[in-house]
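First the structure, in the form of structure tokens, and then the observations on it.
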Amino acid sequence: MNRSLVAILAALGSVAALASDWLTDGKDPQRTNWQKDERIFSPANVKDTKLLWKVELGNEPRQMHSLFVPLIVERVNTSSGPKEILIETGVSDNIYAIEAETGKVLWKKHFSSSYTPPANARGGGILCPGGITATPVIAPTSTQGKYTLYVASWDGSLHQLNVADGEDIAAPAKFMPPNGKPYALNLYKGALYTHTAQGCGGNPNMVYIFDLATGKVGNWGPAGGGMWGRQGPAIGSDGTMYTGTGDGNFNPEIGAFGNGIIGIKQNPETKTAELTDYYGPSNAAWLWKRDLDMQVTPVIFPYKGKELMADAGKECRVYLMDTGSIGGDDHRTPLYRTPLICNEDVNFASAGIWGSMASWQDSKGTRWVLTPFWGAKHEEFKAPLEYGEVEHGAIAAFKVEEKSGKYQLTSAWISRDMNRAEPPVIANGIVFSYGSGEDTDQAFPDVGLEDTIEHRIPGSTHATLYALDAETGKELWSSGDQIKSWNHWSGISVANGRVYLGTFDGTLYCFGVKK
Amino acid sequence: MFVTALAWSQDASPDRIKALENELKQQRRTLRDYGGLIRYGSENTELPPPARGEDRVIFFGDQITEYWNRGRDQFFPGKPWINRGIAGQTTDQMLIRFRQDVISLHPKVVVILAGLNDIAGLHGAPSSEETILDNLTSMAELGRANGISVVLASLTPICNCYSKSGARERWQERINELNELIEKYCSQSRAIFLDYFGAMAEDGNLKKDLTSDGIVPNQAGYAVMAKLAEEAVAQALKRGVQ
């Protein structure tokens with residue numbers, strides 16, 4: 001190999017290494033929510049973060065859903081040259097491509113659907129909003145600067161679009177039944193993974209795996225308990241996807257895996273989806289009784305030669321597991337279970353852990369696990385560093401430790417109070433998170449269960465974005481009242497000195513520091 | 001005006017506000033979970049069913065039961081006996097959680113010690129002795145209907161050893177009246193009567209050396225109770241449900 005070729009390859013390698021993308025919800029298939037490639041934000045300059053732009057996209061909300069986590073591609077070759085592009089998904093079957101530098105909409109795609117849900121199906125309501133409910137996923141192609149966007153539309157079709165211009169790359173293909181509620185797509189080694197919940201459209205709650213090479217779809221259902229981890233499944237190094245399951249009986253003997261965690265793998269020969277591992281908390285019966293779903297997307301990370309996974313649920317504990325056997329021999333024993341962090345009152349709607357987890361490793365080699373939680377901190381749960389009373393939610397940070405061969409999560413800090421703390425993102429020593437401002441109450445003393453937009457939208461306020469020191473949890477910056485609306489079931493993404501957040505009113509905000 | 005201003009300044013002090021907030025928080029918690037189902041709900045589901053031949057016993061009650069093994073890891077070490085006491089509860093609250101905390105755990109025997117907080121009117125107006133007995137009777141009948149032998153304990157005595165409380169003197173009279181009703185019910189229903197009162201009282205008062213506050217037994221007090229409880233449980237196991 002001659003020297004000039006080596007120099008070119010080295011240059012390409014370094015470009016690739018410096019590329020700061022956010023191609024999938026949760027950043028990567030493991031759902032770490034860790035932006036390892038951030039070079040612009042730093043703990044020193046994040047205090048100078050400003051609103052760089054905001055854009056009203058015109059997406060019509062459905063129920064409480066509006067905009068999902070923006071995906072980011074740093075360098076897309078377009079007809080007008082390379083651009084950093086955001087892909088923002090609107091629940092009303094809309095995809096927007098936005099120039100990251102300016103907030104200008106480059107193209108918009110709307111998926112028309114003539115589908116009418118069956119009359120006898122569970123439909124409508126906050127839990128079944130219709131439209132696109134899964135954050136799409138982006139993959140690079142063999143052509144540098146060309147990316148494919150994979151989207152599951154309302155009618156259950158899989159679309160493949162060119163990120164540069166929104167044009168179809170392939171004809172839509174059948175992915176799942178229409179009007180279901182899939183969660184964020186994950187892409188791993190040529191297969192797309194998702195799962196569904198709430199029985200929307202009369203569909204059973206299933207895992208779906210779409211094999212891109214053959215177009216075959218494998219599916220598997222836990223017979224009780226929808227799977228509603230917001231960032232979809234997390235995928236381990238051997239290709240097994242993991243996710244928590246919602247309310248339902250946990251009784252593996254009859255094939256029921258509610259209120260647990262399941263591991264599903266694609267059969268390489270048949271492309272079917274097969275159960276390979278499962279875990280049921282020892283108090284799964286209590287979780288089912290009190291509507292304390294295990295509804296959180298797990299996070300997977302390497303640790304001392306093992307692959308570990310952390311997950312949680314509304315009860316407000318974090319479980320640490322070894323993906324080699326997530327529940328041990330009896331499927332009921334994780335490596336470690338934290339005490340209750342919150343939800344002393346066993347509130348099924350406005351307390352507990354919701355959404356997804358996060359994990360990162362600092363420069364000293366310490367592995368961290370972070371979780372958001374809603375509601376007040378449990379009176380008996382303490383962290384070495386705390387920042388005032390937590391009444392509405394916060395981020396809790398743990399260090400992963402091994403002591404005498406036993407693994408544990410050691411409490412490190414709890415952030416300031418946030419009004420419904422949402423899944424955090426770690427970027428270059430900073431934890432970004434936000435309080436969504438959503439009114440999450442579903443039951444009221446005068447009317448009982450009333451989970452309707454008429455009750456919840458008027459009670460929702462506005463989101464507030466925070467930047468925290470990742471090692472101490474200390475607040476470094478906040479957006480104050482600059483964000484005018486709230487959001488539901490959304491999230492943030494970070495790349496290249498910018499953090500993005502969409503709100504219920506259809507506005508996409510970009511905060512950042514000048515390069 | 002001075003008195004009013006003083007009262008206002010006292011009412012508005014940060015400590016007073018904090019105390020009221022805490023009280024409100026406790027009241028809210030009670031309202032949301034009146035029966036106290038959260039306290040042992042999760043723990044119960046983690047208990048395996050009794051092993052073959054296991055003589056599981058549930059001790060069910062209020063603070064006198066809950067504090068029995070305070071500061072110690074085990075309740076009656078070596079015995080499959082389970083503490084399901086919740087401090088501050090009245091008998092109507094206990095009735096709500098009787099299925100979750102007793103029946104669902106499939107014990108052979110339940111030892112019920114309750115009623116003092118009803119007499120003290122902890123959740124509003126004091127209950128009459130008959131109302132308290134109604135609740136105890138309901139628990140006993142639920143237990144028997146589910147194959148559980150029932151031991152009904154007398155209320156433990158109280159004393160003014162560490163304070164001068166007129167209320168406690170009034171409670172003492174009512175404790176005696178309720179204990180008579182419980183004993184009578186046991187004699188008619190074949191529930192076993194467990195007489196803590198007789199062993200712990202002197203001239204109607206809780207012996208000073210058996211308590212540190214005049215209500216809750218200390219270690220010496222619980223030692224007296226333990227011996228009596230063991231005898232009653234042995235009797236209940238021998239007799240079985242009839």
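At a glance:
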| item | result |
| --- | --- |
| Those lysines that a straight Cα-Cα span of less than 20 Å connects to A:K515, excepting residues fewer than 8 apart in one chain | A:K36, A:K47, A:K50, A:K54, A:K83, A:K104 |
| Where GluC sites (Glu not before Pro) in DSSP loops with at most 13 other Cβ within 10 Å are excluded, longest remaining stretch of chain A | A:1-166 |
| Relative frequency of Cα-Cα separations exceeding 42 Å in chain A, percent | 11 |
| Inter-site label distance for B:D55 and B:D209 at 7 Å from Cα along Cβ, in nm | 3.0 |
| Relative contact order of chain A, pairs being alpha-carbon contacts under 8 Å that are 6 or more residues apart, as % | 15 |
| Segment B:29-64 versus segment A:302-380: alpha-carbon centroid distance in Å | 26 |
| In Hz, Karplus ³J(HN,Hα) per residue of segment A:510-515 (6.51, -1.76, 1.60; θ = phi - 60°; x = Gly, Pro) | 10, 9, x, 10, 5, 5 |
| Segment A:308-381: trypsin sites (Lys or Arg not before Pro) falling in loop per DSSP and having at most 12 other Cβ within 10 Å | A:K364 |
| Extended-chain gain in nm, criterion 0.36 nm per residue less alpha-carbon gap, B:L20 and B:S189 | 56.3 nm |
| Average beta carbon contacts from partner chains per residue of B:21-29, 10 Å cutoff | 1 |
| Most to least packed among A:393-399, A:413-419, A:142-148 [average Cβ atoms within 10 Å] | A:393-399, A:413-419, A:142-148 |
| Extension gain, B:N218 back to B:Q235 (0.36 nm per residue minus Cα-Cα distance, nm) | 3.6 nm |
| Charge dipole magnitude, Cβ of K and R +1, D and E -1 - the protein assembly as shown, Cα centre, debye nearest 20 | 1620 |
| Coil-residue GluC sites (Glu not before Pro) of segment B:157-230, DSSP, other Cβ within 10 Å capped at 10 | none |
| B:R28/B:S163 FRET efficiency (R0 25 Å; Cβ-Cβ; nearest 0.05) | 0.25 |
| Loop-located trypsin sites (Lys or Arg not before Pro) in segment A:174-218 whose Cβ has at most 15 other Cβ within 10 Å (DSSP) | A:K189, A:K216 |
| Linear extension gain, A:E101 paired with A:E269, 0.36 nm per residue minus alpha-carbon span | 56.0 nm |
| Where trypsin sites (Lys or Arg not before Pro) in DSSP loops with at most 15 other Cβ within 10 Å are excluded, longest remaining stretch of chain B | B:73-163 |
| Diffusion constant of segment A:432-515 at 4 °C, which comes from Stokes-Einstein with the Kirkwood Cα-pair radius and 1.567 mPa s, µm²/s | 91 |
| At R0 = 25 Å, FRET efficiency that the Cβ-Cβ distance of B:S104 and B:K227 yields, to 0.05 | 0.30 |
| Pairwise FRET efficiency - A:K306 versus A:S80, Cβ, R0 = 45 Å, nearest 0.05 | 0.40 |
| Cut-off 17 Å, label 7 Å out along Cα→Cβ of B:L47, residues of segment A:272-294 by amide N | A:282-287 |
| Pair A:S114, A:D238: separation of 7 Å Cα→Cβ label points (nm) | 4.8 |
| Value at 222 nm in deg cm²/dmol, rounded to 500, when DSSP H runs of n ≥ 4 in chain A each add -39,500 (n - 2.57) | -1500 deg cm²/dmol |
| From the C-alpha gyration tensor of segment A:176-316, square roots of 5λ in Å | 22, 19, 13 |
| Peptide A:286-293, shielding by other chains (average Cβ, 10 Å cutoff) | 3 |
| Cβ neighbours within 10 Å from other chains - mean over B:41-50 | 4 |
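Only the coordinates and a few stated rules stand behind these numbers; no lab work does. Keep in mind that this is a model prediction, so the values were computed, not measured. Positions of Cβ are backbone-derived with ideal geometry, glycine not excepted, and every protein chain shown enters the neighbour counts.
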